[in-house]
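Here is the structure we will look at.
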Amino acid sequence: MNETAVQPFDQRIRYWTVRVAFLACLPVILLGVPVWWSGIATLLKLLGTLLIIAAILYRFWAILYIGGRKNQRVVQEGPYSMSRHPLYFGTTLGALGFGLMLGSILLAALFGALTLAILVATAAREERFLRAEFGPDYEAYASRVPNRVLPVPGLFTTPAEVTFVPKILRTNGGDALGFLLVLPLVEVIEWIRDLHLAGAFPIF
């Protein structure tokens, strides 16, 4: 690959885009008061917690396959046999879970759709490098696995054994575990909501 070739996508753009989107949603998060009675609210929070756990596990699963191999070869086994960017699917699950933990179906839909849109756009940018770097190999992979983020279970394939680099698993696994910070964050948001701030409004 020469110096004029396509460069890998700068992930800082994605990080800052997600942070700006979160800040834009902050007034709705803090001032939107769920209208559901306690039984439904408890169920939504439980479902949200399960999605957070699923997000962590899915991202760990993807890291086992991609760890130490990113931008070195076309990884297309395990979760990468169902979608081309499974880490982003895990992140989308976490965004949905966060909204449900806040007791709002509307927020879950908003966070899920917004996260998915940002990550699909990010994946498209990343693939400019991957297509330039791996050429026909990546084109063949993209033809076989059409979805960037949302998995197609029927396409699943995996080798009998998968190797991983412990150091990389620890580093990237820490990113997956970052979703656990959602749990205390939700408690803080609920405490703020209980203050009944001026401008609060009902939300489904």
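The values are calculated or read from the model by the stated rules, or taken from the named source; none is laboratory data. Just so it is clear, the structure is predicted and the values come from calculations on it, not from any experiment. Cβ placement follows ideal geometry from the backbone for every residue including glycine, while neighbour counts extend to all protein chains displayed. Only protein heavy atoms, including side chains, enter the accessible area calculation; ligands, DNA and RNA are left aside. Shrake-Rupley method; radii C 1.70, N 1.55, O 1.52, S 1.80 Å.
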State which residue is modelled with the lowest pLDDT when the search covers only the stretch 70-100 and only residues that are open to solvent by 40 Å² or more (accessible area, probe 1.4 Å) and farther than 20 Å from Ala124 by Cβ.
Gln72
Kindly provide the set of residues from the stretch 151-163 that are within 19 Å of Thr91 (Cα to Cα) and open to solvent by 70 Å² or more (accessible area, probe 1.4 Å), ordered by number.
Pro153
Taking the residues in the stretch 164-182 that are open to solvent by 50 Å² or more (accessible area, probe 1.4 Å) and within 16 Å of the chain's Cα centre (by Cα) as candidates, determine which candidate is modelled with the lowest pLDDT.
Asn172
Every residue in the stretch 133-150 that is assigned to a helix (DSSP H, G or I) and surrounded by 14 or more Cβ atoms within 10 Å (Cβ to Cβ), please.
Glu133, Phe134, Asp137, Tyr138, Tyr141, Ala142
Out of Val33, Val75, Val20, I need the residue that is β-branched (Val, Ile, Thr) and touching a strand residue (DSSP E or B) at 6+ places or on another chain (Cβ under 6 Å). Which one?
Val33
Yes or no: the stretch 2-13 includes at least one residue that is out of contact with any Gly (no Cβ under 8 Å at 6 or more places or on another chain) and modelled with pLDDT of 90 or more.
no
Looking only at residues in the stretch 101-132 that are in contact with a Phe, Trp or Tyr (Cβ under 7 Å, 6 or more places away or on another chain) and of a type in the set (Lys, Arg), which one is most open to solvent (accessible area, probe 1.4 Å)?
Arg125
Can you find a residue that is without any contact (Cβ under 8 Å) to a residue 60 or more places away in the chain, in contact with a Gly (Cβ under 9 Å, 6 or more places away or on another chain) and open to solvent by less than 80 Å² (accessible area, probe 1.4 Å) anywhere in the stretch 28-44?
yes
Thr49 is checked against (1) open to solvent by 50 Å² or more (accessible area, probe 1.4 Å); (2) at pLDDT 90 or above; (3) not hydrophobic (A, V, I, L, M, F, W, C) and fails just one. What number does that condition carry?
(1)
Failed condition for Gly135, given (1) out of contact with any Gly (no Cβ under 9 Å at 6 or more places or on another chain); (2) within 25 Å of Lys45 (Cβ to Cβ)
(2)
Test: Gly112 is under 20 Å from Val28 (Cβ atoms), at pLDDT 95 or above, among the small types (Gly, Ala, Ser) and within 13 Å of the chain's Cα centre (by Cα)
yes
